[in-house]
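Here the structure comes first, spelled out in structure tokens, and everything after it is commentary.
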Amino acid sequence: MFIGTEQLTHTYMPGTPFSTTALQDITFNFRQGEFNLILGPSGSGKSTLIQHLNGLLKPTAGRVIFEGKNIGDNKKGLLYLRRRIGLVFQMPEEQFFSETVFDEVAFAPRNQGLTEDEVKKRVVEALSKTGLDLPGLSERHPFQLSAGQKRLVAIAAVLSINPEVLILDEPTVALDKSGRKSLFDLLTELNRKEGLTVIISTHHLDEAAALADRVLVLNQGKVVMSGPADEIFGRREQIYSLGLALPPVTEIMHALNEKGLTVKTAVYTLQEGRREIINALRRDRS
Amino acid sequence: MALVGPNGSGKTTLLKLFNALLIPSGGEVMVKGISTAEEARLPEVRRTCGMIFQNPDNQLVATTVEEDIAFGLENLALPPDVIRKRVLDTAHILGLERLLKQPPHLLSGGEKQRVAIAGVLAMEPECILMDEPTAMLDPAARRDVLKTVHELNRARGIAVVHVTHFPEEAARADRVAVLDKGKLVADGESEDILTNLPFLHRLGLQGTTAVELADLLRRDGCSLPPKIFQDRELVDSLCLLAQNS
């Protein structure tokens, strides 16, 4: 098992009137190098699960596994874990505290006790990966940047630790179209070219569906579906009954089928939709 | 009305001007004939225009959900039975009955946003200003909130100004205004604006999926009608095309 959980249960404020079981008996396994989605309606436990994956929360019961080992075993293990698993919180730019983009991205490598030369190298690399290697940008205040750029700075600040797994909690929230595009271009590059394992939690499939290899679906703290992306997205009725939705282009493909034009429905981008419809029209003609 | 534009184009600033959270440096903002620069009449302006922020954490104040929904009403010094009824009615509309006794900070993002919306709806404003209110909601909650807001608009005549990044949401508005770099660059019927792809793309914006897909298919030689706005129109036209070939 690369990263996953075994019978993980998490209860918030146990033994109080507010005791809430956020996760119950969660077992799953994500493979190295894959693009994984944790999907579920609000309140289903996605953020709680993500915080377990780099040891920010302790299981009430069960185990969290990384590279075959239980991560909660000792404190030294946790430190090691957090250098290998980078976590980007929801709306991460709200937590910026440095005066410059450089210092923000340098925070983690400096904390690791690296020399200032090595820190600089890490920062330059992280800014270049995220497309933020623009003249003068690293000396600017992070709050002077656009919303999309701020989100990328937050990701660069995590990439600077050279993680093997990148976890992002609802990374597209409050980004406009071009911000979402730069974000997904980056995630595609990191996952497909550099082989970084990516895990994102979301309830917004528009961009994520096309990249996903594997999907874990949560509802009310339990696993309700788990498997390869196409198989999960093919279960449309169940997706909707959970209060989720397929990307708009996938919906159009389903509507075409219902109206009698036979097309493949495992289509998640405009370009795939375009190809599939043109092919279907040609098939119809011949 | 939907207000669209790239990040940083001034949408949130404009909303804050409508609610007199900001006072214009030049010119005037009028709310029901009252200038927002008239300090003595600010309570009237703010009662007319209720504001829903993007991040509900900035809008929740009380220790339980029901107290939070009641907060604004208590400030108006309404009788307790009126407050109770309005809190329950609003909680019902937004599906929050089950959560009334819960502390808001323990709710999920989507639930928190519904509580924030409930707090504003309970005040029965004449205009609701919404700054990407669905950004943190799941699709079902998003549909609920949009449906609720739509009904408040249609049935009770509450004006809505809705800032959104989602073309599918903007398409539900009667009117769309587009901001870019602090200037109003378009204002008109939603169909006219959201089908003008060259204009939208130049600003880094997008049409609805049906409009975008129709455009790509036309480039590949599909003879689709010039006005395709809704999914249904695209699907019907394509099926017709397949039958006639």
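Before moving on, here are some points about what is shown:
- The set of residues in the stretch B:195-216 being over 19 Å from A:Leu175 (Cα atoms), touching a helix residue (DSSP H, G or I) at 6+ places or on another chain (Cβ under 6 Å) and not in a loop (DSSP other than H, G, I, E, B) consists of B:Leu197, B:Ala210, B:Glu212, B:Leu213, B:Ala214, B:Asp215, B:Leu216.
- Only a single item in (1) within 14 Å of chain A (Cβ to nearest Cβ); (2) buried (at least 16 other Cβ atoms within 10 Å of the Cβ) is not met by B:Thr64, and it is number (2).
- Filter result for B:Glu151 (farther than 19 Å from B:Leu3 by Cβ, touching a helix residue (DSSP H, G or I) at 6+ places or on another chain (Cβ under 6 Å) and not hydrophobic (A, V, I, L, M, F, W, C)): no
- Residue check for B:Gly221: more than 26 Å from B:Asn7 (Cα to Cα) and surrounded by fewer than 14 Cβ atoms within 10 Å (Cβ to Cβ): yes
- Within the stretch A:130-166, being more than 30 Å from A:Phe30 (Cβ to Cβ) and either of a type in the set (D, E, K, R) or in contact (Cβ under 8 Å) with a residue 40 or more places away in the chain (or both) holds for A:Asp133, A:Glu139, A:Arg140, A:His141, A:Pro142, A:Phe143, A:Leu145.
- Here the condition is being under 20 Å from B:Asp68 (Cβ atoms) and within 12 Å of another protein chain (Cβ to nearest Cβ); of B:Thr148, B:Thr164, B:Thr134, it holds for B:Thr134 alone.
- Within the stretch B:69-96, residues that are over 20 Å from B:Ala140 (Cα atoms) sit with their Cβ atoms under 7 Å from residues that are among the hydroxyl-bearing types (Ser, Thr, Tyr), at 6+ positions apart or across chains, in these pairs: B:Ile69/B:Thr90.
- Exactly one residue out of A:Val101, A:Val124 is buried (at least 20 other Cβ atoms within 10 Å of the Cβ), of a type in the set (Val, Ile, Thr) and either over 21 Å from the mean Cα position of the chain (by Cα) or modelled with pLDDT of 95 or more (or both), and it is A:Val101.
- Test: A:Arg214 is of a type in the set (D, E, K, R), within 14 Å of another protein chain (Cβ to nearest Cβ) and in contact (Cβ under 8 Å) with a residue 24 or more places away in the chain: no
- Search result, residues across the stretch B:1-50 that are among the small types (Gly, Ala, Ser) and closer than 30 Å to B:Thr208 by Cα: B:Ala2, B:Gly5, B:Gly8, B:Ser9, B:Gly10, B:Gly50
- Criterion violated by A:Ala210 - all others in (1) assigned by TED's automatic domain parsing to the domain that holds A:Gly43; (2) modelled with pLDDT of 95 or more satisfied: (2)
- Candidate set from the stretch B:223-235 (those that are free of Cβ contacts under 8 Å to residues at least 24 places away in the same chain and more than 7 Å from chain A (Cβ to nearest Cβ)); member that is farthest from the chain's Cα centre (by Cα): B:Ser223
- Cβ-Cβ under 8 Å pairs, at least 6 apart or on other chains, the stretch A:243-270 side within 16 Å of B:Leu213 (Cα to Cα) and more than 9 Å from chain B (Cβ to nearest Cβ), far side of a type in the set (Val, Ile, Thr) and not in a helix (DSSP H, G or I): A:Thr250/A:Thr265; A:Thr250/A:Val267; A:Met253/A:Val263; A:Met253/A:Thr265; A:Met253/A:Val267; A:His254/A:Thr265
- Test: B:Lys11 is touching a residue at least 60 places away in the same chain (Cβ under 8 Å) and charged (D, E, K, R): yes
- B:Ala242 meets all of the listed conditions (1) at the interface with another protein chain (Cβ under 8 Å from one of its Cβ atoms); (2) small (Gly, Ala, Ser); (3) out of contact with any Gly (no Cβ under 8 Å at 6 or more places or on another chain) but one, namely (3).
- Selected residue (only one of A:Gly72, A:Gly43 is assigned to a loop (DSSP other than H, G, I, E, B), touching a Lys or Arg at 6+ places or on another chain (Cβ under 8 Å), in the same structural domain as A:Val215 (by TED's automatic domain parsing) and not charged (D, E, K, R)): A:Gly72
- Failed condition for A:Leu23, given (1) part of a helix (DSSP H, G or I); (2) within 14 Å of chain B (Cβ to nearest Cβ): (1)
- Pair list, Cβ < 6 Å and 6+ apart or interchain, from the stretch A:35-49 residues that are facing chain B (nearest Cβ under 10 Å) to residues that are among the basic types (Lys, Arg) and surrounded by 23 or more Cβ atoms within 10 Å (Cβ to Cβ): A:Gly40/A:Lys46
The values are calculated or read from the model by the stated rules, or taken from the named source; none is laboratory data. Predicted, not measured: the structure shown is a model, and the values here were computed from it. Backbone-built Cβ (ideal geometry, glycine too); neighbour counts: all protein chains shown.
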